[in-house]
Amino acid sequence: MKKDKIHIPTYVFLTVGLVLIALPMYLTVLNSFKETRQITGGFFELPDPFTLENFQRLLDDGVVQYFANSMTITIASIALIILIVPMAAYALARTMPRNRVFQGIYIMLIIGIFVPFQVIMIPITSMMSDLGLSSKLGLIILYLTYAVPQSLFLYAGYVKTVIPKELDEAAAIDGSGKFNTYFKIIFPMMKPMHATVLILNALWIWNDFLLPLLLLNRDESTWTLPLFQFNYQGQYFSDFGPSFASYVVGIVSILIVYLFFQRHIIDGMANGSVK
Amino acid sequence: MREKGFVNRYWPYLFILVPLLLQIVFFFIPLAQGVIYSFTDWTGLTSSYNFIGIDNYLAIFSDAKFLSSIGFTLLFTIGLVVGQIVLGIAIALLLNQKIKGVGLFRTAYFFPAVISTVTLGLIFKQFFNYGLAPLGEFLGIEWLSQSLIANEGTAFWGLLFVALWQGVAIPVVIFLANLQSIPNEIREAASIDGANRWQTFKSIELPFLSPAISIVLILAMKAGLTAFDLIYALTGGGPSGSTTSLGLLVYNYAFKNNQFGYASAIAIVLFIIIAIVSVIQINSSKKFEV
């Protein structure tokens, strides 16, 4: 009987929280099917008349292009991160215990964790502009660069604690070269860490706003989804039905991914935060 | 075979080459430039600038915008830290109970963490303007009948509410993971000894949570001190600059006022603040380490 006692207040509190989380999402979807004048006049009402015009306008205004930009940038950045970072982490994890130079390099590569982006924001913006890299390519390079500190830290810790050195030595005795050992043996063994790094960086890059704002704002054809949503709301200042449709696209796409990979995403967030 | 010998000898250098070059070009060089610019009067529009010593740093401390911004940023950060820890632990305790449907609740409570912060800011802006304000008018609640973010007195709270609406999700994940790592035997021993709910929390759960608390503290502090996306989308720093965070102030001075030199100096001050609180935090958390 004692167990039942705590159930009811628990459910009450949890349900209040659930409503608080669901309500803004529900209202966003609801309002995306309304005409603008009903959004201002009857925010909580059911759509009357029900309209798909907001979504039609969104398509006409090129939402597919912005969605594709976000996809390209996220996928390309992640692929490069997984290609470049674990390799370096493996090399550092193996050489650091005996070599001061590599200890120094390791610190150089992870020190970025402690530096707020605002410190480099101004120089990097003018540098990218001078290099002609205020583009999707430039953005991908920066995501790769700024993913290094945290991802490298996570990978290096994993190699040190999970992948024994004897494995490398056994492979070497069998005549396996370093590249071969890394790609055939070590890389596949890092699989759990690949999942964590992939999730943390994919979420960050997909949702990021400041870097696209700094690099891509001038060229509309390169906008990412969040940058488009922001500019779209400014553009249709008084006619914001289509804006609601743009939020729905953002939320629904991430919700689908979340429901499919929930377990991995939550594990990734938990692992990634433990510095 | 000579190539193989070369690779086997120098492989670590090859493996770290790309990230090292990237960090030097796109992190260390701009970092150095940021420090240098902070001693200049560079506007960002011309290619030339003059070194003006520490004038920018002296100007900061008599700049009303900076002083108001640092006050807001500290309050916002404190709100975020306290809210994330207190609400985070409370929700994690609720979600750690073995009750029916808890999986569904967890799914819902973690979801805000994956939404784009800027999208969320835009959504809540509409919600405050066209949803809550008419509702407050309808219900005759005066403080609600005007958009929460349009009023200097309430904008802070509106902003903090949205920040916590999203920001509490990851702390919940972290706290819950720690609560689940408490061995069952310890809980059983406590209940055999007749410990009540509060005693169990204080003597068993809280010690297990303490490493998580210091992680959340660092994350929340950094998020608060450098806040940009949400504020830019939700209030734009207003009304009349009352919610301009240091992160936003740097952006405004650099890209709206074209004062690259001065904005760089503020960024360096922000860096120093974060460095100081990080050092204090790391030192004090060492004392409590289990």
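Restricting the range A:113-124 to residues that are open to solvent by less than 20 Å² (accessible area, probe 1.4 Å) and assigned to a helix (DSSP H, G or I), the residue that is farthest from the other protein chains (Cβ to nearest Cβ) is A:MET121.
Looking at the range A:92-99, is at least one residue surrounded by 14 or more Cβ atoms within 10 Å (Cβ to Cβ), without any contact (Cβ under 8 Å) to a residue 60 or more places away in the chain, in contact with a Lys or Arg (Cβ under 7 Å, 6 or more places away or on another chain) and more than 9 Å from chain B (Cβ to nearest Cβ)? Looking through the range A:92-99, none of the residues is surrounded by 14 or more Cβ atoms within 10 Å (Cβ to Cβ), without any contact (Cβ under 8 Å) to a residue 60 or more places away in the chain, in contact with a Lys or Arg (Cβ under 7 Å, 6 or more places away or on another chain) and more than 9 Å from chain B (Cβ to nearest Cβ). From the list B:ALA267, B:ALA263, B:ALA254, the lone residue that is in contact with a Pro (Cβ under 9 Å, 6 or more places away or on another chain) and either within 8 Å of chain A (Cβ to nearest Cβ) or assigned to a helix (DSSP H, G or I) (or both) is B:ALA267. Restricting B:LYS65, B:LYS98 to those that are within 27 Å of B:ALA233 (Cβ to Cβ) and among the charged types (D, E, K, R) reduces the list to B:LYS65. Summed over the range B:247-262, residues that are modelled with pLDDT under 95 and of a type in the set (A, V, I, L, M) total 1. Annotation: A:GLN103 fulfils all but one of (1) out of contact with any Lys or Arg (no Cβ under 9 Å at 6 or more places or on another chain); (2) farther than 25 Å from B:GLY136 by Cα; (3) exposed (fewer than 15 other Cβ atoms within 10 Å of the Cβ); (4) at the interface with chain B (Cβ under 8 Å from one of its Cβ atoms); the unmet one is (4). Candidates are the residues of the range B:100-146 that are facing another protein chain (nearest Cβ under 7 Å) and in a loop (DSSP other than H, G, I, E, B); the one that is farthest from B:PRO171 (Cα to Cα) is B:SER116. Within the range A:154-176, the set of residues being part of a loop (DSSP other than H, G, I, E, B) and either on the phi > 0 side of the Ramachandran plot or without any contact (Cβ under 8 Å) to a residue 12 or more places away in the chain (or both) comprises A:PRO164, A:ASP174, A:GLY175, A:SER176.
Just one residue in the set A:ILE84, A:ILE39, A:ILE21, A:ILE78 is over 19 Å from B:LEU122 (Cβ atoms), surrounded by 13 or more Cβ atoms within 10 Å (Cβ to Cβ), within 9 Å of chain B (Cβ to nearest Cβ) and among the β-branched types (Val, Ile, Thr); that residue is A:ILE84.
Here A:GLY138 passes the criteria (1) within 10 Å of chain B (Cβ to nearest Cβ); (2) open to solvent by less than 10 Å² (accessible area, probe 1.4 Å); (3) farther than 30 Å from A:LEU227 by Cα except the one numbered (3). Of the residues that sit in the range B:201-238 and are open to solvent by 30 Å² or more (accessible area, probe 1.4 Å) and part of a loop (DSSP other than H, G, I, E, B), which one is nearest to B:ILE186 (Cα to Cα)? In this case the residue turns out to be B:THR226.
Within the range B:234-247, residues that are within 14 Å of chain A (Cβ to nearest Cβ) have Cβ atoms under 6 Å from residues that are open to solvent by 10 Å² or more (accessible area, probe 1.4 Å) and of a type in the set (S, T, N, Q) in these pairs: B:GLY247/B:THR226, counting only partners at least 6 apart in sequence or on another chain.
Matching residues to (1) within 9 Å of chain A (Cβ to nearest Cβ); (2) closer than 30 Å to A:THR181 by Cα; (3) at pLDDT below 90:
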{"site": "B:LYS4", "(1), (2), (3)": "yes, yes, yes"}
{"site": "B:PHE15", "(1), (2), (3)": "yes, yes, no"}
{"site": "B:ILE36", "(1), (2), (3)": "yes, no, no"}
{"site": "B:SER48", "(1), (2), (3)": "no, no, yes"}
{"site": "B:GLY79", "(1), (2), (3)": "no, no, no"}
{"site": "B:LEU94", "(1), (2), (3)": "yes, no, no"}
{"site": "B:LYS98", "(1), (2), (3)": "yes, no, yes"}
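Among residues of the range B:123-152 that are basic (Lys, Arg), those with a Cβ under 6 angstrom from a residue that is assigned to a helix (DSSP H, G or I) and surrounded by 15 or more Cβ atoms within 10 Å (Cβ to Cβ), sequence gap 6+ or separate chain, pair up as B:LYS125/B:LEU234. Annotation note: Cβ proximity below 8 Å between a residue of the range A:126-153 that is within 19 Å of A:ILE75 (Cα to Cα) and a residue that is of a type in the set (A, V, I, L, M, F, W, C) and not in a helix (DSSP H, G or I) (sequence gap 6+ or interchain) occurs for A:GLY138/A:LEU131; A:ILE141/A:LEU133; A:TYR146/A:PHE117. Of all the criteria given as (1) more than 23 Å from A:ILE120 (Cα to Cα); (2) assigned to a helix (DSSP H, G or I), the one not satisfied by B:PRO30 is (1). Determine whether B:TRP11 is farther than 21 Å from B:ALA223 by Cβ, in contact with a helix residue (DSSP H, G or I) (Cβ under 9 Å, 6 or more places away or on another chain), open to solvent by less than 70 Å² (accessible area, probe 1.4 Å) and part of a loop (DSSP other than H, G, I, E, B). Taking the combined requirement at face value, the residue does not satisfy it. Among the residues of the range B:125-159, those that are more than 18 Å from A:PHE240 (Cα to Cα), modelled with pLDDT of 85 or more and open to solvent by less than 40 Å² (accessible area, probe 1.4 Å) comprise B:THR154, B:ALA155, B:PHE156, B:GLY158, B:LEU159.
Restricting A:LEU46, A:LEU58 to those that are farther than 20 Å from B:THR119 by Cα and in contact with a helix residue (DSSP H, G or I) (Cβ under 9 Å, 6 or more places away or on another chain) reduces the list to A:LEU46.
A quick yes/no check of all residues on (1) buried (at least 22 other Cβ atoms within 10 Å of the Cβ); (2) within 24 Å of A:PRO97 (Cβ to Cβ):
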| residue | (1), (2) |
| --- | --- |
| A:LEU131 | no, no |
| A:PRO149 | no, yes |
| A:LEU152 | yes, yes |
| A:TYR158 | yes, yes |
| A:LYS165 | no, yes |
| A:ALA172 | no, yes |
| A:GLY175 | no, no |
| A:ASN180 | no, yes |
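Could you tell me whether any residue of the range B:62-71 is in contact with a helix residue (DSSP H, G or I) (Cβ under 7 Å, 6 or more places away or on another chain), more than 16 Å from B:GLN166 (Cα to Cα), surrounded by 15 or more Cβ atoms within 10 Å (Cβ to Cβ) and facing another protein chain (nearest Cβ under 7 Å)? No, every residue in the range B:62-71 fails to be in contact with a helix residue (DSSP H, G or I) (Cβ under 7 Å, 6 or more places away or on another chain), more than 16 Å from B:GLN166 (Cα to Cα), surrounded by 15 or more Cβ atoms within 10 Å (Cβ to Cβ) and facing another protein chain (nearest Cβ under 7 Å).
Answer yes or no: is there a residue in the range A:65-75 that is open to solvent by 20 Å² or more (accessible area, probe 1.4 Å) and over 25 Å from A:PHE209 (Cβ atoms).
Initially, the range A:65-75 is screened for residues open to solvent by 20 Å² or more (accessible area, probe 1.4 Å), giving A:65, A:67-68, A:71-72, A:75.
Cutting the leftovers down to over 25 Å from A:PHE209 (Cβ atoms) gives us none.
Within the range A:65-75, none of the residues are open to solvent by 20 Å² or more (accessible area, probe 1.4 Å) and over 25 Å from A:PHE209 (Cβ atoms).
Here B:PHE110 meets each of (1) open to solvent by 20 Å² or more (accessible area, probe 1.4 Å); (2) within 27 Å of the chain's Cα centre (by Cα) with one exception, condition (1).
The values are calculated or read from the model by the stated rules, or taken from the named source; none is laboratory data. Everything quoted here is computed from the prediction, not taken from an experiment. Reconstructed Cβ throughout: ideal geometry from the backbone, glycine too, with neighbour counts over all protein chains shown. Heavy atoms of the whole protein, side chains included, go into the accessibility calculation; ligands, DNA and RNA do not. Shrake-Rupley method; radii C 1.70, N 1.55, O 1.52, S 1.80 Å.
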